[in-house]
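S.K.: I have a structure here, written as structure tokens, and I will follow up with some questions on it.
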Amino acid sequence: MSRPPKLALPLRDGVAASVLACPPGDWPGLLDFLVERMPGVAPAVWQQRLQQGEVLDERGQVLPLHAPYRPGSRVYYWRSLAQEPRVPFEARILFQDELLLVADKPHFLPVLPSGRYVQETLLTRLRLATGLAELSPIHRIDRETAGLVVFSLQPATRGAYQALFRERAVGKVYEAVAGLPEPLGLSLSLSLSLSLPLTRRSRLMERSEAFMQMEEVPGEPNAETQIELLQRHASLPLARYRLSPSTGQKHQLRAHMNALGLPLLGDRIYPQLLPPEPADAPDYRQPLQLLAQSLSFQDPISGQQRRFESELRLMAF
């Protein structure tokens, strides 16, 4: 007998229902399975969810507190939403049609729910604003980075758009603010060898002693970024740069600029990994000066050429 298709359940406060597949096992009851499978959730919380009808089977029926465990089935539930500090910046929808939605994400707002961020994410805010439960990002940018994020509206065509990013068929341009390449901030030998524009190719790997940081290591390059100087600040030893990555390694732009002796202004990871900010009182005064400024690609469904540009700006020059 074939398994029923996944349920299209309504959003709750902009958050979609979570789904758990029930593997083979001999748990006496569903509650026993949930408690063991999700140890981060207190047993009393699962008991309350079941009693309040917030756990459903794969046909959308409420599962009672003493429901037996059924291997091979699916279980749906809604996460309890803790009170989250409000990120005091708004996202803007720049474009929307029947296939795609393009948003301008502010600094400090995560794209997807993760860890302590559930409601205060770009996805949740956009689902609340549009009512589109199937909305899903086809790529990501860091929480600290501002700028363009593209969302798919239709599950049937989502894979075609994701393939564009996977196959490096998307033109991506970022802007960043960092120090000057010469004569301030660099050793004499490096300033003489650094000539912009340049293309940085290197192999990036996570540092074993600091998993948040990437570092350049010997080996076949897996990251490539074109770096151009756009504008020098009139009175400060700073400059605005155009960064055009042709690959998409974790922290690629930040790591490449740091390797050149030009860490981005406001970066809490490079060159030095700083302690996490308190969840209830982050400092919004010094955002990372990195902006996903433009995206361009040939639409795999319509065949038309698409180009989107952010309306956000970094610090004034």
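S.K.: How far is helix 155-166 tilted off the main Cα axis of the chain, in degrees rounded to 10, range 0 to 90?
M.R.: The two axes meet at around 30 degrees.
S.K.: While we're here: Where nothing but the Cβ of Lys and Arg (+1) and of Asp and Glu (-1) is charged, how large is the charge dipole of the chain around its Cα centre, in debye to the nearest 20? Intermediate results must be reported in sequence, preceding the final value.
M.R.: Working: 35 positive and 33 negative charges, 74 e Å.
So the dipole magnitude of the chain works out to roughly 360 debye.
S.K.: Continuing with this model, one more query. Taking the highest mean first, how do the peptides 130-142, 43-55, 256-268 order by number of other beta carbon atoms within 10 angstrom per residue? The partial results should precede the final answer.
M.R.: Values: 130-142: 17.2, 43-55: 15.4, 256-268: 20.3.
The peptides rank, most packed first, as 256-268, 130-142, 43-55.
S.K.: Also: If packing is taken as the mean number of other Cβ atoms within 10 Å per residue, what is the order of 96-105, 20-29, 150-159, highest first? Spell out each step's value before the answer.
M.R.: Details: 96-105: 18.5, 20-29: 12.0, 150-159: 16.8.
Top of the packing list down: 96-105, 150-159, 20-29.
S.K.: Between Gln304 and Ala281, what is the spin-label point distance in nm, taking each point 7 Å from the Cα along the Cα→C-beta axis?
M.R.: Taking the two extended label points, one gets 5.0 nm.
S.K.: Among the aspartates and glutamates, select those whose C-alpha is under 13 Å from the C-alpha of Lys105, and discard any that sit fewer than 8 residues away in the same chain.
M.R.: Glu90, Glu120, Asp142, Glu144, Glu309, Glu311
S.K.: Considering only the other residues whose Cβ falls under 11 Å of the Cβ of Ile138, what net charge follows from Lys and Arg at +1 and Asp and Glu at -1?
M.R.: It works out to a net charge of +3.
S.K.: Now for a different question. Treat the chain as a sphere of radius equal to its Kirkwood radius over Cα pairs and apply Stokes-Einstein at 4 °C in a medium of 1.567 mPa s; give the translational diffusion coefficient in µm²/s, rounded to a whole number.
M.R.: Numbers: Rh = 22.3 Å.
Approximately 58 µm²/s, per Stokes-Einstein.
S.K.: If Lys and Arg each add +1 and Asp and Glu each add -1, what is the summed charge of the other residues whose beta carbon sits under 12 Å from the beta carbon of Arg201?
M.R.: Values: positive: Arg200, Arg203; negative: Glu216, Glu220, Glu224.
Net charge around Arg201: -1.
Throughout, read-outs are computed from the coordinates displayed, never taken from laboratory work. The shown structure was predicted, so the numbers you read here are calculated from the model rather than taken from an experiment. We place every Cβ from the backbone using ideal geometry, glycine too, and count neighbours over all the protein chains shown.
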